[in-house]
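Q: First the structure, then my questions, so here it is.
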Amino acid sequence: MSPSTYSIVLLPGDGVGTEVTQEAVTVLNLAAGLANFALEYEELPVGGAAIDLHKDPLPDSVLERCLAANAVMLGAVGGPRWDHLTGAMRPESGLLKLRKALGAFANLRPVAVPDSLADASPLRADAVRGTDLLVVRELTGGIYFGEPKGREPAENGGERAYNTMVYSTEEIDRVARVAFEWTGKRRRKITSVDKANVLVVSQLWRDVVQQLHQAEFSDLELQHMYVDNAAMQLVLNPRQFDVIVTGNLFGDILSDAAATLGGSLGLLPSASVGGPVGLFEPVHGSAPDIAGQGKANPVAAILSAGMMLDYLGETDAAAAIRHGVESALDAGARTADLCREGHRRVSTTEMGSEIRRGITEYFNRHRTAN
Ligand code: IPM
Ligand code: MN
């Protein structure tokens, strides 16, 4: 049988997005070669890069190629050069439009703190050690997309501006279902985060999650938590969480908070699924202050590539990537964001090659074992 070939659209975007995507591709190529499948890439502009070239943060031609691919890998978008732009011309609008067009309503953001990183956390090592949680963030609805939204002159001077936080039963049900399914594969505990003591939209959220739980997932442990408390609990005792399911805005905020438990946002990968084509991107932004200096941490992008391989069914290569990252961190390799006394400070590309060493090691072990 000839090896499978997957077509991947690469959207490196802006700032450190290009550097970390490049490292992820090098890692993917090694893993694919060792696991005997092939990846074909098409690299296209998005965000600021696409604004410069096409005056559009997500040109139709780019979106079309994304919809025809097996998966899309994105780096990061945005930067000071495009900060003066507004509305649909902002780099971020390109990303939001892409998520929506791909139908990627469920955003999976796993946060695990390996032992080797417990000491890099801003929190006490004993408070974070063993953290292993998954944020399932609703990604194509809520206040990010709700209408009406606008900014207009106010009657008595100044302006007024508004967004709308809106969810339908269907939107809540489908993302909750994805979250329950993951919970069943993990430690069987799920926390639904809302603001039901104040927001009507959260009261619907809570009802729909509750009903789905009773109807189809009552063997899983479900708790509801207000978002302000959840922010505090994430810092006080992150180990209490297994799966967290929440709306678009709360998920955006809580996942950044959760990411720093392991010491750096540069570690956190994500997968956005639910539509015909999956989207894989690091949670961190374009970090313009360190772009082009070889300082960026490629781990989040590389782990996102690993999530993409799981999604494509290449689970062995995905496991090899996770092992590669663990092995590089265990060996003390640290990019600037994570570097403390006693560590070896490495560049973006050096971190990539440390990870590739770990991947080769994984396949060597498995071959000897078989
Ligand atoms: C993220 C980012 C994006 C978001 C921005 C860049 C639009 O912060 O992926 O978390 O808010 O979703
Ligand atoms: Mn964010």
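The values are calculated or read from the model by the stated rules, or taken from the named source; none is laboratory data. It should be emphasised that the depicted structure is a prediction, and the values quoted were computed from it without experimental measurement. Please note: Cβ atoms are built from the backbone with ideal geometry, for glycine as well, and neighbour counts cover all protein chains shown. The area values use the complete protein model at the heavy-atom level, side chains included, leaving out ligands, DNA and RNA. Shrake-Rupley method; radii C 1.70, N 1.55, O 1.52, S 1.80 Å.
Q: So in segment 1-147, what percent of DSSP beta bridges are antiparallel if you round to the nearest 5?
A: So the antiparallel bridges in segment 1-147 amount to around 40 percent.
Q: Mind listing the phi-derived Karplus ³J(HN,Hα) values for segment 311-328, rounded to whole Hz, using 6.51, -1.76 and 1.60 with θ = phi - 60°, and x for any glycine or proline?
A: Residue by residue, segment 311-328 yields 4, 7, x, 8, 6, 5, 5, 5, 5, 5, 5, 4, 4, x, 5, 4, 5, 5 Hz.
Q: Kirkwood hydrodynamic radius (Cα pairs, Å) of the chain?
A: 21.3
Q: Which net charge results for the neighbourhood of ASN36, defined as the other residues with beta-carbon distances under 10 angstrom from its beta-carbon, given Lys and Arg at +1 and Asp and Glu at -1? Could you put the intermediate results ahead of the total?
A: Working: positive: none; negative: GLU314, ASP316.
Charge balance near ASN36 sits at -2.
Q: Might you tell me the accessible area per residue for segment 132-260, computed with a 1.4 Å probe and given in Å²? Before the final figure, lay out the partial values.
A: Numbers: 6260 Å² over 129 residues.
Per-residue accessible area for segment 132-260 comes out at 49 Å².
Q: Charges at C-beta only: +1 for Lys and Arg, -1 for Asp and Glu. How large is the resulting dipole of the chain about its Cα centre, in Debye rounded to 20? Please list the in-between numbers first.
A: Details: 34 positive and 46 negative charges, 117 e Å.
Here the size comes out at about 560 debye.
Q: At 7 Å along the Cα-to-beta-carbon direction for both ASP173 and GLU361, put a label point, then send me their distance in nm to one decimal.
A: About 4.8 nm separates the two model spin labels.
Q: Could you give the nm distance between label points at ARG340 and ARG239, where each point is 7 Å from its Cα heading toward the beta carbon?
A: Taking the simple label geometry, ARG340 and ARG239 are separated by 1.7 nm.
Q: Report, to the nearest whole %, how much of the accessible area of segment 15-60 belongs to carbon and sulfur atoms, 1.4 Å probe, protein only. Kindly include the intermediate steps, with their values, before the conclusion.
A: On the way: 930 of 1870 Å².
Ligands and nucleic acids excluded, carbon and sulfur give 50 percent.
Q: Under a plain spin-label model, where a point goes 7 Å from the Cα along Cα-to-Cβ, how far apart in nm are SER218 and GLU40?
A: 5.1
Q: Assuming R0 = 30 Å, can you tell me the calculated FRET efficiency for the pair ALA257 and ASP83, based on Cβ-Cβ distance, to the nearest 0.05?
A: Numbers: r = 24 Å, r/R0 = 0.80.
Efficiency for this residue pair is about 0.80.
Q: Rolling a 1.4 Å sphere over the protein heavy atoms, what is the accessible area per residue of segment 42-113, to the nearest Å²? Walk me through the intermediate numbers first.
A: Values: 3040 Å² over 72 residues.
In whole numbers, segment 42-113 has 42 Å² accessible per residue.
Q: Accessible area per residue for segment 281-322 in Å², computed with a 1.4 Å probe and the full protein assembly in place, what is it?
A: 32
Q: Where the accessible area of segment 132-260 is counted over protein heavy atoms with a 1.4 Å probe, how much of it, in %, is carbon and sulfur?
A: Numbers: 3180 of 6260 Å².
That fraction is 51 percent.
Q: On to the next question. Calculated from DSSP H runs of 4 or more alone, at -39500 (n - 2.57) each and per residue, what is the 222 nm mean residue ellipticity of the chain, nearest 500?
A: On the way: 12 runs with 158 residues, N = 370.
Dividing the helical sum by the residues of the chain leaves -13500 deg cm²/dmol.
Q: I'd like the FRET efficiency for LYS189 and ASN163, computed as 1/(1 + (r/R0)^6) with the beta carbon distance as r and R0 of 25 Å, rounded to 0.05.
A: Values: r = 32 Å, r/R0 = 1.29.
Calculated transfer efficiency: 0.20.
Q: With the cut-off at 19 Å, tell me which of the pairs LYS97/LYS149; LYS97/LYS185; LYS100/LYS195 have Cα atoms farther apart than that.
A: Working: LYS97/LYS149 16 Å; LYS97/LYS185 31 Å; LYS100/LYS195 24 Å.
Checking Cα-Cα distances, LYS97/LYS185; LYS100/LYS195 exceed 19 Å.
Q: Based on the alpha carbons, how large is the Rg to Rh ratio for segment 132-260 when Rh follows Kirkwood? Before the final figure, lay out the partial values.
A: Details: Rg = 16.0 Å, Rh = 15.4 Å.
Looking at segment 132-260, the ratio lands at 1.04.
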